[in-house]
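A quick write-up on the structure given underneath.
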Amino acid sequence: MLTTLWRPLVDEESAMAFLVSARTGELLALPAAELRVEARAKILEQRERLRRASRVEAMDVDDWEQGYLGRDMRPGPLDRLALRLGWILALALARWARLDSAFRGLEALALRFPARRSDVAGILDAVAFAERSFHRAARTQQCLPRTMLRFFLLRRAGHDVEANIGVWVPTPMMHAWVSVHGRTLGEEREEVMHYQPCLRFVGSDAPPCREPC
Amino acid sequence: MLTLERSASGDGRPGWRMRLDLPAGWWSQAGPASGDILLIYQPPARMEAPTAASIRSVWQVLQQRCFPRLPVLLGLDYALVAVAGETGAVSLARGGIGRTALFFRFDDAGLVVADDLPRPGEHEDVDPDGVAAYLSNCASAVPADTVHTTRTLQAGAGWRRVPRSAVVELTLGQSQVGTTPHQLPVDEPYRDLDDDGLMNAFRDAIARHAVARAVGRTAVELSGGIDSTTLAVALQSADPASSHCGMSLTYPYHEFRHEQRYVEAAYARVGWQGVRLDGSRTLLFDSPTAVFDPPEPTRLASGYAQLSAVTMAAIDAGARSLFNGHGADQIFGMSPYDRQSLFKPGIDLGLLHAPLAARVREHIDAMRRVHEDGDPRGHRHFFAGLMLYDRWVPSPVGSDLACDPALLSVETLQLSWEVFRRPRWARPGYPGKPFAREAFAPWLPPCILERRWKVGYDGLYRRGLARNATRLVAMLARQREHLESIGISVERCIERIERCRAFHFENMELLIGVLGYCVWRETRVSARPGDALRT
């Protein structure tokens, strides 16, 4: 079951509100006062497909400690092929698909083709292998396909997981990452701490949660 | 000493005449609007003039008289250096945008330097040895008791072009001339040290220089990063009996919420009291409370508010000197400035009119060619030195507070050159600062040693620009005539500020540079703090 949560990030100092379009994944910056006008807020919700999502006041984030970052691993030949194909598909989804549609599709696919339960660290390592197969740099800007592939594999293995889209207010920089109950997975803590999540796709076997989980 | 109007000498040749208010002993001759600079230092009449018998002596004169306790990087910046041997008077000339070759000659007015000539080909290109010989001939005509030596040289000499790769040094009146390529005097004294020995030598050098430069109670600007913590621990360990203190800026914004743990760890490590300052009131282009008067345009002008908050707080805390970690990236071999980052293709020059933009691109291409001819690590060091020079923090009250770069000395530069040469630290890599993490591990608290990223300041920059947009637009309007005359489009700058105010996320890099220049220029006209950003 996929639940979509959203919230505008209101910066009081600049009197601006920032949110990410669930439709296109783009960053929207608008005067905070506009959000308070009901008619305009409804238009925004409809246009950005936020009416199918639940507005929340806050999203828990636990980034105090540095979590597992991964290790180099080399899976078997069939797994290598599957991971590389998965990475290519994730790139394509991140590039062309509607954001909410992509995560709904990933959730549906994961539930339809479940896998044996794997540990979280192993899945993070597998996605890292897939990414390194195509990008030599130690760090890449491919946070959205990375998050999509992690989300899919974690859901397929039966884990509850959140895919976050966050903004570094008040800059145009965004980041995507996965978390479990707000605890960040597989990210440099001091990088992700810049970002506040404003869009969260929650994949869970529990009933839909309309409050921060 | 940036001059703003082009003027011509008696025969129509480009040159400059202007006097600006400078630190004691200094005066300038105006350069053209592109920013060429001719600086002249005239020591007090009773000061004993040095005997400049060699190139190294010239450097010593410059180091002593021009930039006390700062290693002489002037050879990187200035194309022509002239020292009057009898009086110690120093003349330095440099190009404006980029480090261009200059044309010079001697006439009745003295030494005249120009960055362009009205008629192509009227100059004579002289190789470094030829320049030396030419100047030697001129110098021999100078009377020994001349005070303003540059004004009495023999007239009638034609224009010469100083080769781009040469720094010409002239000791007037004693026929001493010399040339040197634009690099630090490298004696390579640390070449035979092994890596551990090099790290030990660096720790010793930093501690020794920190103590030497600490004037009484010293404040250290502690950010919780590796650089400033290293400096603070070095000072404390070398001088444990003194009562130094720390200054820290805090911000209420989301990305800074974890920074306090690192700041507190740094204070705990050195055992100092700390002064916490609210950084949200001193963002980019906020009104400063003190007046700064650097001699040349600097990007630091955009941060006068923060500089004044920190420096005045240090004075209030009874500090006589203020240290910060500026320059550490360059000294510790972390500088990211390589060919790819320095000479990015397709840079945004949209705020400049076409002729100026074309000239800037020409200079960038010329610098890229110079860079490509040399060793990549050597040039990284060269440009790191330039960046460090540009970030020299001025003191608002020199008699009360010294703000000399704490990490910068000839010795640390020579050590850093050796670090640059070692394969072990050849690449900054990820998470960065490999040399500093190894060399200063005994000094750093574990959480600071292990931190992999430093908090970014991009959010602060955008907030400052948006907050002060109205005043910045007014400042641009006041300087419209001058900016347009040097090729900067005021309308485009204003348009970009307005878009930044509305958070349309425009590229701010060149805009901040232009605005910093305007603040610097306006601050020099008015002595009252905050005037540069009045509405």
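Overview of values
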| read-out | value |
| --- | --- |
| Average projection area in nm² (convex hull over Cα atoms of region A:1-138, one quarter of hull surface) | 11.1 nm² |
| Residue order, fewest to most beta carbons within 10 Å, for A:R55, B:R213 | A:R55, B:R213 |
| Inter-part distance where region A:45-90 and region B:186-220 are each reduced to a Cα centre, Å | 46 Å |
| Residues whose placed amide H lies under 5 Å from that of B:L352, excluding near-sequence neighbours | B:S489 |
| Amide H within-cut-off set for A:Q196, under 5 Å, with H built and near neighbours excluded | A:V167, A:W168, A:V169 |
| Charge context of A:A115, other residues only, Cβ under 10 angstrom, K/R +1, D/E -1 | +4 |
| Segment B:S485-B:E498, extension gain: residue separation times 0.36 nm, minus the distance between their alpha carbons | 2.4 nm |
| Part-to-part distance (alpha-carbon centres) for region B:244-314 and region A:101-160, which is given in Å | 42 Å |
| Average silhouette area of region A:143-202, convex hull of alpha-carbon atoms, in square nanometres | 3.8 nm² |
| Residue order, fewest to most surrounding Cβ atoms within 10 angstrom, among A:S54, B:S321, B:S243 | B:S243, A:S54, B:S321 |
| With at most 16 neighbouring Cβ atoms within 10 Å, loop chymotrypsin sites (Phe, Trp or Tyr not before Pro) (DSSP) excluded, longest segment of chain A | A:69-213 |
| Per-residue HN-Hα couplings for region A:158-173 [Karplus 6.51, -1.76, 1.60; θ = phi - 60°; Hz; x = Gly/Pro] | x, 8, 6, 8, 10, 9, 9, 10, x, 10, 8, 6, x, 9, x, 7 |
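Every read-out reported here was derived from the displayed coordinates using simple, explicitly stated rules and does not represent laboratory data. If you're wondering where the values come from, they're calculated on a predicted model, not measured in any experiment. Glycine gets a Cβ as well: all are built from the backbone with ideal geometry, and neighbour counts include every protein chain shown.
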